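The values are calculated or read from the model by the stated rules, or taken from the named source; none is laboratory data. Every value quoted in this text rests on a predicted model; they were computed, and no experiment measured them. FYI the Cβ positions are ideal-geometry reconstructions off the backbone, even for glycines, and counts take in every protein chain you see.
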Amino acid sequence: MATLIAEKEELLEVTEIEASQFNTTGNISGLKFNDTNSNGRLDPDEFGLSNFTIYLDINNNGFLDFNEPANITNNFGGYLFNNLPPNIYTIREIQQPGFNQTTPTPIVNVTPGSNLTNINIGNIGNVNNRGQISGTKFNDTNTNGILDPGEVGLSDITLYLDLNQNGFLDEGEPPTITGVNGEYSFLDLPPNTYILREVSPPGFASTTPDPILNVTPGSNLTVNIGNVNNRGQISGTKFNDTNTNGILDPGEVGLSDITLYLDLNQNGFLDEGEPPTITGVNGEYSFLDLPPNTYILREVSPPGFASTTPDPILNVTPGSNLTVNIGNVNNRGQISGTKFNDTNTNG
C-alpha cells in the first residue's frame, strides 16, 4: 500500500511539473474607460471607450514601435494581450486629441500561466472635446422612416445609449425622455461610437433602424427616430336596415345593446377569450388596440332580428382604422285588425 501511495505522489509531482512547463505564457486584459469623475477608478456608472490603441512599450521609449504588441479597444472599451512571454511590461496608450489619462501608466509582471485582468486605464475628455446627439422622436404615420411635414413628435418615450450593445437599458447607460414635442438630446458625450435605442411603448414599433453614431470632438449629430402605432381598430354602427339594402341610409337608426365579437377561431360562436363589445345607445361600437391580423366580425343576433350584411372579414394592419356598419332587420311580421259587431251578417 505504501508503495502505491508513493507512486501516486510521484505521478502528481511529475504532472504538476509538466503542466507548469507547458503553460509558459501569460495574458493581460482590461478596460479603457471614461473616468468622468477623474478619480482614477472604474466606477459602476462609467463606461468603456472604443477605438483607443493600447500597446506594450517593450523598449520603454514612450512610443509605439513597429515590433511592439498593440491592441485597439473594442466597442466596450476592452483590450487583450495573450500568449505573452514572462517579462515586466509597461502598458501605454496612444492618446487621442482632447483626452487626458487619469490613471498611472500600468507596469505589470507577467509570469508563466498568469492571467492579469482589470488592468484598467482611465481617460477624461476636455469640455471642448465632447459631442452631442439630438433629434425628434416622431409618429411616422406613412412608415417611410422620414420626419415629414404634418408628422408630430411623441412625448414621454425613453431613449438610451446602449453602451454594452445588449439591446436593453442597463444601469450606467445614459437615458433621456422625449419632451412634449418629441425632442431629445444627449449632451457632453466623449468621442465614441454609440448605438441609440428606445424603450418602445406598448402598441408602437420603430420605423427606423437603431442608429450607430460616431461622436467626434465638437460634433452635433441630429437623428430623428420614427415610430408607428402597430395596432389597429375597427368601429362602426349597428343599424336597423329597414329597406334591407345592407347600407346605412339616412333615417335608419342605430340598434343598441347588441353584442358583437371577433370570431378568432371562426366557429361561428362567441367563445371565452374572444373580444366582445356591446353597441351603444346609437348603435355605435368599437374594437381598439388590435394587433395586426385578419378578423371575422360577427354578432349575437337578438330574437326577431336577422343580419342584412354578410359577416365582414377584416384585415387590420398597423395604424389602420376600419369603419364597418352592420345592418339588421326585424324578420318577424305582425297581424292586426278590428273585431267588430257584424249587425247585417255580411262578413
* Residue list for the stretch 49-66, filter: surrounded by 16 or more Cβ atoms within 10 Å (Cβ to Cβ), touching a Ser or Thr at 6+ places or on another chain (Cβ under 7 Å) and under 26 Å from LEU213 (Cα atoms) -> LEU49, SER50, PHE52, ILE54
* What about LEU159, is it among the aliphatic types (A, V, I, L, M), at pLDDT below 95 and assigned by TED's automatic domain parsing to the domain that holds GLU198? -> no
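Please verify whether ASN214 is out of contact with any Lys or Arg (no Cβ under 6 Å at 6 or more places or on another chain) and within 30 Å of LEU42 (Cα to Cα), treating the condition exactly as stated. Break it down into steps so the answer makes sense when it comes.
On the way: out of contact with any Lys or Arg (no Cβ under 6 Å at 6 or more places or on another chain): yes; within 30 Å of LEU42 (Cα to Cα): yes.
For ASN214, the condition - out of contact with any Lys or Arg (no Cβ under 6 Å at 6 or more places or on another chain) and within 30 Å of LEU42 (Cα to Cα) - is met.
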* To do: Would you mind telling me which numbered condition in (1) among the hydroxyl-bearing types (Ser, Thr, Tyr); (2) within 20 Å of ASP162 (Cα to Cα); (3) assigned to a strand (DSSP E or B); (4) touching a residue at least 60 places away in the same chain (Cβ under 8 Å) TYR89 fails?
  => (2)
* strands (runs of 3 or more DSSP E) completely within the stretch 243-321 that count 1 or more residues being at pLDDT 95 or above and among the basic types (Lys, Arg) -> 293-300
* Asked: If a residue has to be outside any loop (DSSP other than H, G, I, E, B) and exposed (fewer than 15 other Cβ atoms within 10 Å of the Cβ) to count, how many in the stretch 103-134 make the cut?
  -> 5
* Structure fact -> Exactly one of VAL199, VAL223 is assigned by TED's automatic domain parsing to the domain that holds VAL152, within 24 Å of the chain's Cα centre (by Cα) and closer than 30 Å to THR294 by Cα, and that one is VAL199
* Positions within the stretch 92-102 being in a loop (DSSP other than H, G, I, E, B) and of a type outside the set (Gly, Ala, Ser), in sequence order -> ILE94, GLN95, GLN96, PRO97, THR102
